[in-house]
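The values are calculated or read from the model by the stated rules, or taken from the named source; none is laboratory data. Please read all numbers here as calculations on a predicted model, not as lab measurements. Methodologically, a virtual Cβ is constructed for each residue, glycine included, from the backbone with ideal geometry; neighbour enumeration extends over all protein chains shown. Remember, those area values only see protein heavy atoms, side chains included, never the ligands or the DNA or RNA. Shrake-Rupley method; radii C 1.70, N 1.55, O 1.52, S 1.80 Å.
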Amino acid sequence: MTLTDHPTDVRTTPRRTVLISGASIAGPVLAFWLNRYGYAVTLVEKAGAPRSGGYPIDVRGTALEVVRRMGILPRLRDAHIDLRRLTFLEGDGGEVASLHPHTVTGGVAGRDLEVRRGDLTDALHTAVRDDVEFLFNDSIDTLDQTGHGVDVTFRGGGRRTFDMVFGADGMHSRTRETLFGPEEQFHHYLGYCFAVFTMRNTFGLSHETVMWNAPGRAAALYAVEDDDEVHAFLNFAQPEPPFGAFRDPESQRDLVATVFADAGWEVPGMLTAMRDADDVFFDAVGQIRMPRWSSGRVALVGDAAYAPSFLTGQGTSLALVGAYMLAGSLADRDHAAGFAAYEHDTRNFVTVNQALVGKGGATLFPATPQALEERNSRLRGLGAIPSAEGRPAHSALTLPEFMPTT
C-alpha cells in the first residue's frame with residue numbers, strides 16, 4: 001500500500017471518500033480530478049504496480065484537452081510515436097498501397113498523439129501519486145450499498161466504507177458484473193478475435209506498420225522505433241466468441257495457429273514467435289453498451305461502461321474524456337445528481353465514437369473476397385497526404401470548465 005499525506009484541509013466538513021477500482025487510464029484521470037474537487041480518493045489495483053508496456057494507443061480530439069488541463073500534454077508530446085507509414089499487402093505479399101497513417105485513421109497530423117500505453121499510464125500515475133492512496137496487489141471482493149455509503153471488502157481482507165465507488169476496471173469489469181450482472185448482456189461481439197505480442201524485429205521496420213490481409217484474416221507488424229522488437233498482431237473473423245479459449249492461453253495459441261495455418265508472408269514466423277512469447281494478449285473484439293452507467297452510489301467509467309473496441313481507435317480517448325466528465329459532474333453535486341449529469345452530458349459523445357466501428361472494420365479487416373477487393377481499390381485511390389481534418393466524432397464534445405467547491 002502506498003499512502004501519501006494530503007495537504008491540510010481547512011474545511012469544517014469531512015472530505016467525501018471515494019474508491020476507484022482500476023489504475024490504468026480512466027481510474028487515475030478520475031482520481032486526479034476528484035482530488036482537485038476536494039474528494040479523498042483511494043485507488044485499488046490488482047497488479048503490483050502501474051502497468052508498463054502495451055500496444056501503442058491514440059489520444060485525439062477532445063481527449064487532448066483533458067491531458068492539457070492535467071498538465072501532462074508536454075510530456076506526452078515528448079513521448080509521441082512518429083508513425084510515418086502504413087503499408088497494406090495482398091495475400092501473396094504484394095503491396096496494395098503505402099500511405100500516411102492519418103489517411104486511414106482520420107487523425108490530424110501535428111495535433112493527435114500516439115504513445116506507448118506505458119508512457120501514458122506512467123504520466124497519469126506521476127500526476128496523482130502524491131495526492132491519492134494507492135492499494136496495489138488488491139481488488140474489491142464485495143460491495144454492499146447502505147443508506148450511508150458503500151461497504152467494501154477487499155480480496156486482501158480489509159473492510160472500509162466509502163461515500164462512492166467507481167469501476168474503472170476495463171472491458172471485463174468485475175465491478176460491473178457485481179453491480180449489473182454478467183458481461184454477456186452488455187457485450188456486443190463484433191465478429192473478430194485477435195492476439196497481440198512482441199517479437200524480434202528481423203524485418204528492418206522502423207516507425208511503420210505493415211499489414212497483410214486475406215479474407216477474414218489479417219496479420220500486422222508494428223515497429224514503434226528502430227527497436228529490436230516489433231508488436232505482432234493477428235486478427236481473424238470468428239462467427240461466435242470462443243468462450244472456451246478466453247481463460248486458457250494454450251487454447252488461444254492453438255486456435256490462432258489453426259486459423260493461420262496456411263497463411264503466407266511472415267505469418268509462419270509470427271506463429272512460431274507467438275508460441276514462445278510471454279506477453280500474448282488474446283481477446284474478442286467487441287463493445288460494451290449499457291442503458292445506464294450507475295446504480296446507487298456506484299458508477300462505471302471507461303471501458304467498463306462503454307468500451308468502443310480498437311476498431312474505432314477511440315478507447316483511450318473515451319476513457320480520458322469520460323473520467324473528466326464524471327469527476328466534473330460530481331464537483332458540486334451529490335452522487336444522484338452527479339451521475340445523472342454525467343450520463344446526460346457524455347452519452348452522445350460515447351455513441352458517436354462507438355459508431356466509428358463500422359468504418360474501422362471495413363478498412364482493416366474485410367471478411368469476404370469481394371469486400372477485400374473493394375477495400376484495396378479504395379486504398380489505391382487514396383493520396384499520401386492526410387486529410388486536414390479528423391473525423392468529427394473525435395471532437396464531438398466541447399469540454400466544460402468545472403469549478404471545484406469552496
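Would you calculate the separation in nanometres between label points at THR178 and GLU95, each defined as 7 Å from the Cα along the Cα-to-beta-carbon direction?
5.3
Using the Kirkwood formula on the Cα atoms of segment 273-319, what hydrodynamic radius do you get, in angstrom to one decimal?
Details: mean 1/r = 0.0788 Å⁻¹.
In segment 273-319 this quantity evaluates to 12.7 Å.
Of the accessible area of the chain, with the probe set at 1.4 angstrom, what percent is carbon plus sulfur?
Details: 8830 of 17600 Å².
Roughly 50 percent of what the probe reaches on the chain is carbon or sulfur.
Considering only DSSP states other than H, G, I, E and B, which trypsin sites (Lys or Arg not before Pro) in segment 171-251 qualify as loop sites with at most 10 other Cβ atoms within 10 Å? Walk me through the numbers on the way to the answer.
Values: sites: ARG174, ARG176, ARG200, ARG217, ARG247; in loops: ARG247.
Loop-located and lightly packed - ARG247.
Among GLY38, GLY27, GLY157, which one moves the most in a GNM of the chain with springs linking Cα atoms closer than 10 Å?
GLY157
When semi-axes √(5λ) of the Cα gyration tensor in Å is calculated directly from the model, which label among (i) 31, 29, 19; (ii) 48, 19, 18; (iii) 38, 23, 20 fits?
Structure-derived value, by its label: (iii).
Work out the FRET efficiency for SER251 and SER52 from their Cβ-Cβ distance, taking R0 = 30 Å, and round it to the nearest 0.05. Don't jump to the answer; show the numbers that get you there.
On the way: r = 27 Å, r/R0 = 0.90.
With R0 = 30 Å, the Cβ-Cβ based efficiency is 0.65.
Roughly how far apart, in whole Å, are the Cα centres of segment 109-185 and segment 203-272?
Each part reduced to its Cα centre gives a spacing of 31 Å.
Under the definition of Cα pairs under 8 Å and six or more residues apart, what whole-number percent is the relative contact order of segment 116-245?
Once normalised by length, the contact order is 16 percent.
Per-residue ellipticity at 222 nm for the chain, helices alone: DSSP H runs ≥ 4 residues times -39500 (n - 2.57), over residue total, nearest 500 deg cm²/dmol? Numbers along the way, then the final one.
Values: 13 runs with 130 residues, N = 406.
So the calculated ellipticity at 222 nm is -9500 deg cm²/dmol.
Rounded, prolate or oblate: pick one for segment 247-400, where a ≥ b ≥ c are the square roots of the eigenvalues of its C-alpha gyration tensor, a/c under 1.5 means rounded, and failing that, prolate if a/b is larger than b/c, else oblate.
Working: a/c = 2.97, a/b = 1.58, b/c = 1.87.
In terms of gyration-tensor shape, oblate.
Kindly sort TYR222, TYR189 by accessible area of their heavy atoms, largest first, with the probe set to 1.4 Å.
On the way: TYR222 10, TYR189 55 Å².
Largest to smallest exposure gives the sequence TYR189, TYR222.
If you consider only alpha-carbon coordinates, what radius of gyration and Dmax does segment 300-366 have, in Å?
Just the Cα atoms of segment 300-366 yield Rg and Dmax of 13.5, 48 Å.
With helices defined as uninterrupted DSSP H runs, which ones in the chain have an alpha carbon span along their own long axis of at least 24 Å and mean Kyte-Doolittle hydropathy of at least 0.0? Can you show the working numbers first?
Numbers: long enough: 335-354 (26 Å, -0.51).
Length and hydropathy pass: none found.
So, taking all protein chains as they sit and a 1.4 Å probe, how much accessible area belongs to MET199, in Å² rounded to tens?
20
Can you compute log10 of I(q)/I(0) for segment 151-190 with the Debye formula, treating each Cα as one identical point scatterer, at q = 0.14, 0.20, 0.33 Å⁻¹?
Values returned for q = 0.14, 0.20, 0.33 Å⁻¹ are -0.40, -0.71, -1.17.
For the charge dipole of the chain, defined by +1 on Lys and Arg C-beta atoms and -1 on Asp and Glu C-beta atoms about the Cα centroid, which residue among PHE233, VAL18, THR398 has the Cα displaced farthest towards the positive pole?
So the residue furthest toward the plus end is THR398.
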